[in-house]
Amino acid sequence: MDGSRREFLKLAGLTAIGATGASSVRASGGASSATGGHAEASSDGVRLAMVVDLRKFSRDGSLAERCIEACHRAHNVPDFGDDPKNEVKWIWTEDFETAFHSQEFHFIREDLKGKPTLLLCNHCDNPPCTRVCPTQATWKRDADGIVMMDWHRCIGCRYCVVACPYGSRSFNWKNPRLGLEDIDINFPTRMRGVVEKCTFCEERLARGQQPACVEVCSNDEIVFGDLNDPGSKVRQLLAERMAIRRKSGLGTQPEVYYVIDDPRTLQEFAPAAVVDGAEGGDHA
Amino acid sequence: MYDAGKIIVGLLVFVALATSPLWFNALFGESPAAPELKLPTNGSTECVEARDFMVANHMDLLNQWRDAVVRTGTRDYVSTLNNKTYDMSLSRTCMDCHSNKTEFCDACHTYLAVSPYCWDCHVEPKGAD
């Protein structure tokens, strides 16, 4: 009797050790794979990205506005005037220091200081917005990395608006048609209670066109292409120039890059204007 | 049964009154005119699928198109009717022929009291004939 109890307790103890040991091994294995999975550029297929050349934007003061207008007109983005609560935006500007406020700038170059910087959805490689969507109304496309939206499926919970660290998502508090004068019938509007944002013009890409903002730029001020193709324009520009991304420290892997080289390197394009820009003169 | 005569007469009167709308309409009423759809005026004679299929299943087909375009990025639809390829687009393909929403979509939907939410977002063609 005693002997069998002793044997039983031994066996029970060994089983307990074995069970906890196995589960802790599994837990640590899980943790390492969770950190290993992200922050790597997708290696297969197409990875669309955009490079905004701030050197060139600093030379053409109205270009950013024209990009915004082309985009918002093509996608029926409503305009509610100076009403920040109801504002809906796919592409917009902030001054340079605000746009890159996580990086500290002291005594920065005049051609960057306070300059309106074109901002849009970064189509992150590791997008936080898609993780929080309870209805899969937003997701990252496997084929090209676009962070896509399905407005049929959005229930307006606004988790994604909170999750996006770039302010790229807008909520329709009002019926957007109230803020539209001309409606382009080739693109739907949204309805009240739906979140919207830039889609890298996936509907234009599908028809073989460039995104609306890229099309406005006649001199490669914005370059758009496949990051996985070493010969693409975006890769060439990134290889040759100094580019930064917004809040890269968050690990979201934003895929919109901003070239911040000295504009004097642009001499091959327009020598006279470039010298003005470098000296902080008039950028009109 | 007590007062069987009164009860049975009363029941008959009640049934007659309760069903009066039905037999009144059957005897004297005119059946409401079935909606007449305006067919395309652009010379096109066939839809993306057979007419009967479209009448019964256009809503399912539209849902399939929506999911294909938005969720998988597929935009070409190959018709089983004529093997032609169509762009899966409500405003470009459907409304290209059925350009008048009031006389086409709404005619049946109003008759049947259904209110699909397509047009909350999608935009009907302007200046339809």
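Read the figures in this text as sums done on the coordinates, not as results from a lab. Predicted, not measured: the structure shown is a model, and the values here were computed from it. Here the Cβ positions follow ideal geometry from the backbone for every residue, glycine too, while neighbour counts run over all protein chains shown.
Tabulated results
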item: Members of A:K85/B:K101; A:K89/B:K126; A:K89/A:K140; A:K113/A:K233; A:K89/A:K115 lying beyond 24 Å, as alpha-carbon distances in this model show; result: A:K85/B:K101; A:K89/B:K126; A:K113/A:K233
item: Projected label distance in nm at A:V132 and B:S115, using a 7 Å step from Cα toward the beta-carbon; result: 3.3 nm
item: Alpha-carbon centroids, the range B:1-66 and the range A:85-147: separation in whole Å; result: 54 Å
item: Residue-by-residue Karplus 3J(HN,Hα) for the range B:60-72, coefficients 6.51, -1.76, 1.60, Hz, glycine and proline x; result: 5, 5, 5, 5, 4, 4, 4, 5, 5, 6, 6, 8, 10
item: Gain in span if fully extended, A:I185 to A:S4, counting 0.36 nm per residue against the direct Cα distance; result: 56.8 nm
item: Likely footprinting exposure, A:D60, A:D182, A:D142, fewest C-beta neighbours within 10 Å first; result: A:D182, A:D142, A:D60
item: Which of A:K85, A:K56 has the fewest Cβ neighbours within 10 Å, and the rest in rising order; result: A:K85, A:K56
item: Spatial extent of the range A:48-278: Rg and Dmax, with the Cα atoms as the point set, Å; result: 17.6, 54
item: Nearest-ten-degree value, helix B:4-18 long axis tilted from longest Cα axis of chain B; result: 30 degrees
item: Footprinting exposure proxy for B:E49, A:E110, A:E255 (fewest neighbouring C-beta atoms within 10 Å first); result: A:E110, B:E49, A:E255
item: For the range A:124-135, 3J(HN,Hα) per residue [Karplus equation, 6.51 cos²θ - 1.76 cosθ + 1.60, θ = phi - 60°, Hz, x = Gly/Pro]; result: 4, 6, 10, x, x, 5, 6, 5, 8, 5, x, 10
item: Amide H partners (placed H, <5 Å) of A:T117, local residues excluded; result: A:E94, A:D95, A:F96
item: Selection of GluC sites (Glu not before Pro), the range A:134-226, meeting DSSP coil and at most 11 other Cβ within 10 Å; result: A:E181
item: Reduced Cα scattering model of the protein assembly as shown, Debye log10 I(q)/I(0), q = 0.09, 0.15 Å⁻¹; result: -0.72, -1.42
